[in-house]
Amino acid sequence: MKYFLNEVEREASNSTCYHEFAKGKWDENACVFWHKDSLNIHDDLLISLGIDTLLFSLVDDYNPVGETKISKEQWGKIYAKAEECGEDLLEAIHEVAPWVEANFRQHEVFTILGV
């Protein structure tokens with residue numbers, strides 16, 4: 001993948017400055033991060049691609065330093081807006097889309113855990 005890393009790759013990077021896309025609703029009581037089936041994107045990349053701006057514009061409770069649940073309806077809006085924007089932002093959204101769709105076959109939401 002060009003933009004997102006799996007957990008093994010993130011761990012090898014020796015950095016925790018990543019936004020974790022975690023399957024389902026994150027259990028804040030368990031406080032467990034960096035799940036094996038999560039995807040991760042570096043904070044600098046998330047910002048330079050404009051993913052943060054996209055999320056701020058479409059997700060009322062987006063929290064770049066906390067927990068944000070994304071529903072299937074919200075994802076549809078994110079995907080559609082990314083198609084309008086094009087270029088690298090769209091490429092990143094296309095890259096994560098198969099993971100998101102697989103998530104929605106089992107869960108009602110996925111959670112973005114900010115840095």
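Sort through TRP26, TRP99, TRP34 and tell me the only one that's assigned to a helix (DSSP H, G or I) and either in contact with an Asp or Glu (Cβ under 9 Å, 6 or more places away or on another chain) or exposed (fewer than 13 other Cβ atoms within 10 Å of the Cβ) (or both).
TRP99 is the lone residue from the list that is assigned to a helix (DSSP H, G or I) and either in contact with an Asp or Glu (Cβ under 9 Å, 6 or more places away or on another chain) or exposed (fewer than 13 other Cβ atoms within 10 Å of the Cβ) (or both).
What are the pairs with Cβ atoms under 9 angstrom where one residue, in the range 80-92, is without any contact (Cβ under 8 Å) to a residue 12 or more places away in the chain and farther than 20 Å from ASP43 by Cβ and the other, located anywhere, is open to solvent by 80 Å² or more (accessible area, probe 1.4 Å) and hydrophobic (A, V, I, L, M, F, W, C)? Sequence gap at least six, or different chains.
none
The values are calculated or read from the model by the stated rules, or taken from the named source; none is laboratory data. Bear in mind the structure is a predicted one, so any value in this text is a computation, not a measurement. Neighbour counts are summed over all protein chains in view; Cβ atoms, including those assigned to glycine, are modelled from backbone coordinates with ideal geometry. Ligands, DNA and RNA are excluded from the accessible area calculation, which covers all protein heavy atoms including side chains. Shrake-Rupley method; radii C 1.70, N 1.55, O 1.52, S 1.80 Å.
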